[in-house]
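Before any comments, here is the structure.
Nothing in this text is a laboratory measurement; each read-out follows from the coordinates by a stated rule. The model shown is predicted, which means the values in this text are computed figures rather than measured ones. A quick note on method: Cβ atoms are made from the backbone with ideal geometry, for glycine too, and the neighbour counts reach across all protein chains shown.
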Amino acid sequence: MRKRSIVTVDGNEAAASVAHRASEVIAIYPITPSSNMGELADEWSAAGRTNLWGTVPRVIEMQSEGGAAGAVHGALQAGALSTTFTASQGLLLMIPNMYKIAGELTPFCMHVAARTVATHALSIFGDHSDVMACRQIGFAMLASGSVQEAHDLAAIAHAATLRSRVPFLHFFDGFRTSHEVAKIEELSDDDLRTLIDPETIAAHRRRALTPDRPVLRGTAQNPDTFFQAREAGNRFYDACPRTVAEVMETFALLTGRLYHLFDYVGHPEAERVVVLMGSGAEAVHETVDFLAARGERVGVLKVRLFRPFSVADFAAALPPTVQRIAVLDRTKEPGAVGDPLYLDVVAALREARDAGRLQHLPRVVAGRYGLSSKEFTPGMVKAVFDTLAADEPRHRFTVGIVDDVTHTSLPFDPAFDVEAGDTVRAIFWGLGADGTVGANKNSIKIIGEETDHFAQGYFVYDSKKSGAVTVSHLRFGPRPIRSTYLLRRASFVGCHQFGLLDRFEILETAEPGGVFLLNAPYPPEQVWDRLPREVQQEVVEKRLRLYAIDAYRVAKETGMGGRINSIMQTCFFAISGVLPKDEAIARIKEAIEKTYGKKGREVVERNFAAIDATLANLHRIETPLQATATRTRPPLVSEAAPDFVKRVTAVMIAGKGDLLPVSAFPPDGTWPTATSKWEKRGIALEMPLWDAPICIQCNKCALVCPHAAIRAKLYAPEALLGAPEGFVAVDFKSRELPGLKYTLQVAPDDCTGCNLCVAVCPAKDKKEPRRKAINMEPRLPVLERERRSYDFFLSLPEFDRTSLPRDVKGTQFLEPLFEYSGACAGCGETPYLKLLSQLFGDRLLVANATGCSSIYGGNLPTTPWAVNREGRGPAWSNSLFEDNAEFGLGMRLALDSRADQARTLLRFLAPQLPTRLVDELLAEDQSNEKGIRDQRERVQALRGALGGLRGPEVARLDLLADDLVKKSVWIVGGDGWAYDIGFGGLDHVLSTRNDVNVLVLDTEVYSNTGGQQSKATPLGAAAKFAAAGKESGKKDLGMMPMSYGHVYVAHVAFGAKDSQTVQALLEAEAYPGPALVIAYSHCIAHGYDMAQGAEQQKLAAASGIWPLYRFDPRRAAKGEPPLQLDSPEPKASVRQYMRNETRFRMVEKQDPERFRHLLARAERQARQRFAVYRQLAGLTIPQVAVEDEEPALATTEK
Amino acid sequence: MDLRTRYLGLDLPHPFMPGASPLVDDLDTVKRLEDAGASAIVMHSLFEEQIRREQVATFLHTEMHGESYAEALYYFPRPESFRLGPEEYLAQLGRIKGTVRLPVIASLNGTTLGGWLGYARAMEQAGADALELNVYAVPSAPEDSAADIENRTVEMLRALKAALGIPVAVKLSPFYTSLPHFVGRLETAGLDGLVLFNRFYQPDIDPENLDLNRELRLSSSVELPLRLQWLALLKDRVRCSLAVTGGVHDGRDAVKAVMAGADAVQMVSALLRHGPSHLRRVRDEMIAWMYEHDYTSLAQMKGSMSRASCPDPSVYERANYMLMLQSWERA
């Protein structure tokens, strides 16, 4: 057998490594959890890595999965070997093309990190609902259950598709396999060449479309022929399973790893068998090994080739002794007789019996497990075997949840454990920003590659993007690891963030006598006393060995900033003894050298210094015989929280959402808003404090705050009664609104410490200009005082909305109805949403495209869209990524239709109602705040008047009366949606004359999925799929709808000119037709300190990179140029702008010469574009009067 | 006209060259400088401090947000060849050497010895014909004495001379208590050339915004006399070659600098303002001036107005202030 490399990779890399080597054209579109496969392929091609035949595969990012599938289909037709990677919704978008590819019998292999399809909610996690939506297409479907299998079966699929001409969908479980890091044996190029028969490639080439031998494919066929032609390909499907089996045999000869179409594991005379596919089969395998070793007659049948389903192979693989079968599906088909694998198994058994392949028909029950990466553990597996052993086994059960509504769930023992005793298990709690996960991935690599041990790592991330908590689950040991579930006990628990001890049960998994390593910002002698009582108790009861290090101090002293990863990694190796200490340290250093050596000595040296300083600072902490602390963990949510929040949300916040029963949930995905205020994470180390005498009360800080954590209020002095000590109030400086008090207050538990507010504060102390009106100060010393102050601040009355001017300052006295989101610290998107919620929140419907804004806007446990004291607030929904403009348009049409009905009913009932009320309800102006308030009062009056009337119309009008008040529809999304996947829909919606508003939060990159280029990515920026710097310029999205003539368009950047942003949002909303606001949003994917975001926005405008303008069609009718330029002639250079951001600097660092050319082009384009705008801004549209023309939008009734 | 000169051991057809600046970042500009007749190319300074800071900043900005959120394990592409710092400089040096036939003088800026020698050696290996050591730093630490600062510079020079085969010039600021004494020590340490003087980013106060502005203002001829004075005072006391930088904008300025003792004339502001071709214009102006005033070679005028050769050396020295004041009063 050949000697192969041992590598430590995740499932995505394992599959992509084969796919890249076996392909020539790769068209992709990013979607979690498959994005990394495409990214890796792109990185490899960018680095010149060749495929098996010596050429570098061409990797192209498309505008959607539909586009990727189209490109792949074309590439295949023209005779290339092609692949793609996708998941979930993306896979669904590929379906139409997949039918074509299959119908044309095209060798093609795609790799899917199987993910939940959005239903009542979106989920990025893993199950089979996406791939099961493809089972009818005609693709062969091959399932992998582990990282090694994802590698091996990828190779088998690529070889088999060429031989069989049946296209292959190779899939593995999203996250559980795609993101699990494991030690595997890597297939060599020679292995792949042996598997892939060159003659099959030649045959594929010969079938290619070429004018040298022209043929036609894609005809339209009619009733006379389609049917027969559709049956003409049958024999290819008949032959396919045999072909796959043959490739598997060849593969076994090569590698020693033998796969079958169906792999049976367990007791040779098993009576109870579980049938399933994917990673869950590994957990069953592990449990079966355990139970069978104890004499239980149990087994598992792992389905590898799900399509074409070979009845003969299936029947042959089952032990003849089998009496009862449980088929487990990781998907749900509501309303079906059963979930898909179950149906297939039932049919296959019956057919096999009829064909005489089975002696008897076993009893079959169906079960569902693991939706959206729900844990699937040996305890659950045992529960399935147990029910099979029952007199009357449960049918159509679920396992892994508590279903107290329809009572489908099997009870299981969470403590049931089958893991081998010699497996070392370690769990690490950290923050994203501290590098814990990266260090653990590296540790697995070191252990995997330096020892004979098998190694596995799995990482659980936060649903929040700021202050994100990570939990790393590591296993290593002498036996193959099949535990495809989280650690439930660990001999080593690392807590890299002291603050997490107050929020989570960190030691829950700690085994008695195990190690507890803690990063504590205290001297060793103080560590014990600082622990909460619950933690102390657990340390004592479990006799844990406690070690502590002040890693942040070590990091600071060695110039590592907040990166404590190599320090904590060194501690782990030093304490655990997995490797000899010196050897481990040498390996850590080697890894650092390898990762950063090419990127600069300084980074390497600082890491080395941190590692060298670690051991001297690591201390064993003596623990008393009992807990001594009086401090206990604070409650997770306030007592004041609503019942639902306390009952459901709090459990999720605690990380215990798995325990919630079905009855806790709404059946249709409807959730209450305004929950983020109950999740107090307190993630900031420093927070801004107000220095009132210096403040000029401009409210700019409040405007830019991404988390609505710094707020201004205006109130009568009497309201100060009962103010807590330390609450600061000053006279409001205003001639228009005299005699009022003003307070600027920070939410101490919601501030993320991003510094953006301090950076924009224009007021400086005249004696000491480094001090501003707000200054960052350590949070802990002022925490209690500021908590009291903030509570009091919130209790102050809101100022009358109708009397506040709609300028920057005035808007910040309006209550924000978007607060404390999970967006990144310093986010450049959320200030726009917060402003939107302040301006129109009480009448706002938001259609939100999938992306960052749908995640921080709608990811549980808590969400930021809030309600005011009247109970009004934004109603929000996320449909999909690609359809958001259409989704929002639908909302508008519904509102208009409801309002029409309400007006019709009002007119119908008018004779019975006060005439003036009816007239006003129908005719009054609602273009300003007062108009809205008056209309609401009229609706109130109408309801009163309706109270005395009877009849069906009365009831209908009562229901629809609120629709007489104007509603504001905003279609919100990022540039990936607006410029790429949703552009067609956006264009269509804008082309209609409906009153919708579109807000594009333009980060110039796919931020949520990790920085892939979009058509908004500027020239010269590095992004994934444009690693060397984007070659083409940014699409001028604003210019396009201007050509319609009836669309309001604005280009804004709050950091450059906040007043223009406010004005644009107001104008867009007021405009009685479609409006598009494109908003510059700085982003962590730009690579600089987000505190400088507003400053960088200024440079964007000043360099002409981001000109500010408003295009208002109404001006044209008045004989004025519709386009107004709001930023002056560029004064700064594009270079000045670009040099501040890593996304541009990266390009320069790779190839300075090329960057200079890109920069010059960017500079020219920016100037040219500005010059064009300047000319347009001087252009009036000649008004031509034509008889009988309907009035323009500007004058139509709203 | 014979404009030949010798600077840092290099025989040059004339003394005009671009001074250390971002001009040479662009190969096209380098080519245009050669076309404009530059006698050598001086590269911009490799800033040790800047390199370190940028390496760390890039590391933090690209790594800080990674591995935090399930949908985005990292936010930037990860190119395998990523040049941060000196590699880029060396590559540019190599490209310039490959593009032009002129001597190339590399430049280093730093204040400590650490990490430096490696860069300097690499520059020599990459083909630098000479090295300009820019020792400017703001001596803001009260614990640093004048002697400490001078000693460090001497040490650096000594180390560089020991490590390198190519000539080394030192570019100084005018702010030394006793420049002639210090220069003497540098010569003892092996100095090959002196570049007078550095110009720096000097912060200006923005009184309305209570802020500091850091912008590099381009020089003007007004700054030349300071250089002339020290060229004239040092010319006859040193063996090393002298270059003027800062304040030469036209042929007449150049004539003065050479008369004061400059072997080489470096220009930056004038070229940034008027483009690379201005170098030729200044040279032509100088030639015209020399024809007009019956000079036949640069050698005739070099150092003719130095302290030793000028009509009244005391004008360069102590009485200077009084005389200037009086002359101003007369005007």
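Helix A:783-795: angle to the longest alpha-carbon principal axis of chain A, degrees 0 to 90, nearest 10?
60
How big is the Cα convex hull of segment A:226-290 in projection, averaged over all directions, in nm²?
Computed as one quarter of the Cα hull surface, the answer is 7.1 nm².
Where both residues lie in chain A, what percent of DSSP beta bridges are antiparallel, nearest 5? Walk me through the numbers on the way to the answer.
Working: 55 of 133 bridges.
Counting only bridges with both partners in chain A, antiparallel ones make up about 40 percent.
Classify segment B:228-296 as rounded, prolate or oblate from the Cα gyration tensor: take a ≥ b ≥ c as the square roots of its eigenvalues, call it rounded if a/c is under 1.5, otherwise prolate when a/b beats b/c and oblate if not. Could the numbers behind the result be given before it?
Values: a/c = 2.49, a/b = 1.30, b/c = 1.91.
It comes out oblate by the Cα gyration axes.
Given bins 5 angstrom wide, list per bin the percent of all Cα-Cα distances in segment A:580-621, short to long.
5, 23, 27, 22, 13, 7, 2, 1
Could you bin all the Cα-Cα distances of segment A:262-418 into 10 Å bins starting at 0 and give me the percent of pairs in each, rounded to whole numbers?
12, 45, 36, 8, 0
Provide A:Lys1035, A:Lys556, A:Lys680 in ascending order of the number of other Cβ atoms located within 10 Å of each residue's Cβ, fewest first.
Working: A:Lys1035 17, A:Lys556 14, A:Lys680 20.
Fewest-to-most Cβ neighbours within 10 Å comes out as A:Lys556, A:Lys1035, A:Lys680.
Calculate for the protein assembly as shown the 222 nm mean residue ellipticity that helices alone would give, adding -39,500 (n - 2.57) per DSSP H run of length 4 or more and normalising by residue count, nearest 500 deg cm²/dmol.
Details: 52 runs with 576 residues, N = 1529.
Estimated from H runs of four or more residues: -11500 deg cm²/dmol.
Measuring from the lowest to the highest alpha carbon on each principal axis, how far does segment A:841-952 reach, largest first, in angstroms?
Computed over segment A:841-952, the largest-to-smallest principal extents equal 51, 30, 28 Å.
Whole-Hz ³J(HN,Hα) for each residue in segment A:406-411, computed from phi via Karplus 6.51 cos²θ - 1.76 cosθ + 1.60 with θ = phi - 60°, x for glycine and proline: what do you get?
Each residue's phi maps through the Karplus curve to give 9, 6, 8, 7, 8, x Hz.
Any chance you could tell me what percent of the C-alpha pair distances in segment A:950-1075 go past 17 Å? Each step should come with its number before you reach the end.
Values: 5127 of 7875 pairs.
Result: 65 percent of Cα pairs exceed 17 Å.
Can you sort B:Trp116, A:Trp970 so the residue with the fewest Cβ neighbours within 10 Å comes first? All intermediate terms of the calculation are to be shown ahead of the outcome.
On the way: B:Trp116 19, A:Trp970 26.
Going from sparsest to densest Cβ surroundings: B:Trp116, A:Trp970.
What percent of all Cα-Cα pairs in segment A:1-102 falls into each 5 Å bin, going from 0 up to the bin containing the maximum distance?
Final binned percentages: 2, 14, 23, 24, 19, 10, 4, 3, 1.
Calculate the dipole size of the protein assembly as shown relative to its Cα centre from +1 charges on Lys and Arg beta carbons and -1 charges on Asp and Glu beta carbons; express the result in debye to the nearest 20. Working shown, then result.
On the way: 174 positive and 189 negative charges, 263 e Å.
Approximately 1260 debye in magnitude.
List every residue whose amide H lies under 5 Å from the amide H of A:Cys495, counting only residues 5 or more places away in sequence or on a different chain, with H placed 1.01 Å from N in the peptide plane.
Close amide H contacts, sequence-distant or interchain: A:Trp429, A:Leu517, A:Leu518, A:Asn519.
With a ≥ b ≥ c the root eigenvalues of the C-alpha gyration tensor of segment A:613-740, is it rounded (a/c under 1.5), prolate (a/b larger than b/c) or oblate?
Values: a/c = 2.35, a/b = 1.38, b/c = 1.70.
Oblate is the answer for segment A:613-740, as a/c is 1.5 or above yet b/c matches or exceeds a/b.
Mind giving me the FRET efficiency for A:Arg479 and A:Leu794? R0 is 60 Å, r the Cβ-Cβ distance, nearest 0.05 is fine.
So, using R0 = 60 Å, E works out to roughly 0.60.
Which residues' amide hydrogens lie under 5 Å from the amide hydrogen of A:Leu817, considering only partners 5 or more residues apart or on another chain, with H built in the peptide plane?
It is A:Ser837, A:Gln838, by chain and number.
For A:Thr670 paired with A:Leu737, estimate the spin-label separation in nm (one decimal), with each label point 7 Å from Cα along the Cα-to-Cβ line.
3.6
Mind checking the dipole of segment B:245-317: about its Cα centre, +1 per Lys or Arg Cβ, -1 per Asp or Glu Cβ, Debye to the nearest 20?
On the way: 8 positive and 9 negative charges, 53 e Å.
Using only the charged Cβ atoms, the result is roughly 260 debye.
Quick one: order A:Glu829, B:Glu48 by neighbouring beta-carbon count within 10 Å, fewest to most. It would help to have the intermediate numbers written out before the result.
Working: A:Glu829 28, B:Glu48 19.
The most exposed by this proxy come first: B:Glu48, A:Glu829.
Would you please give the residues with an amide H less than 5 Å from that of A:Ile60, counting only those at least 5 places away or on a separate chain, with H modeled from the backbone geometry?
A:Ile26, A:Ala27, A:Ile28
Can you give the convex hull volume per residue for the Cα atoms of chain B, as a whole number of Å³? Walk me through the numbers before you get to the answer.
Values: hull volume 63.3 nm³, N = 331.
Dividing the Cα hull volume of chain B by its residues yields 191 Å³.
Rounded to the nearest 0.05, what FRET efficiency do A:Ala955 and A:Asp900 give with R0 = 22 Å and r taken as the Cβ-Cβ distance? Could you check? Before the final figure, lay out each step's value.
Working: r = 18 Å, r/R0 = 0.80.
Once the sixth-power term is evaluated, E becomes 0.80.
Dividing the alpha-carbon Rg of the protein assembly as shown by 2.2 N^0.38 Å yields what?
On the way: Rg = 36.8 Å, N = 1529, 2.2 N^0.38 = 35.7 Å.
Ratio of Rg to 2.2 N^0.38 Å for the protein assembly as shown: 1.03.
If you take the beta carbon distance between A:Asp987 and A:Leu860 as r and set R0 to 35 Å, what does 1/(1 + (r/R0)^6) give as a FRET efficiency, to the nearest 0.05?
Working: r = 33 Å, r/R0 = 0.94.
Efficiency computed from Cβ-Cβ geometry: 0.60.
Relative to the longest principal axis of chain A, what angle (0 to 90°, nearest 10) does the C-alpha long axis of helix A:340-354 take?
30
How large is ³J(HN,Hα) for each residue in segment A:951-967, as worked out from phi by the Karplus curve 6.51 cos²θ - 1.76 cosθ + 1.60 (θ = phi - 60°), to whole Hz, x for Gly and Pro?
For segment A:951-967, the Karplus-derived couplings read x, x, 5, 5, 5, 5, 5, 4, 5, 9, 4, 4, 6, 6, 8, 4, 10 Hz, x marking Gly and Pro.
When the Karplus curve 6.51 cos²θ - 1.76 cosθ + 1.60 is applied with θ = phi - 60°, which whole-Hz ³J(HN,Hα) does each residue of segment A:1138-1150 get, with x for Gly and Pro?
3J(HN,Hα) across segment A:1138-1150, in whole Hz: 5, 5, 7, 10, 4, 4, 8, 4, 4, 5, 4, 5, 7.
Using Cα pairs closer than 8 Å and at least 6 residues apart in sequence, work out the relative contact order for chain A, in percent. The partial results should precede the final answer.
On the way: 2494 pairs, mean separation 77.5, N = 1198.
For chain A, the relative contact order is 6 percent.
Per residue, how much space in cubic angstrom lies within the convex hull of the C-alpha atoms of segment A:729-781?
Numbers: hull volume 7.0 nm³, N = 53.
Per residue, the Cα convex hull of segment A:729-781 comes to 132 Å³.
Nearest 10 degrees, 0 to 90: what angle lies between the long axis of helix B:278-292 and the longest principal axis of chain B (Cα atoms)?
10
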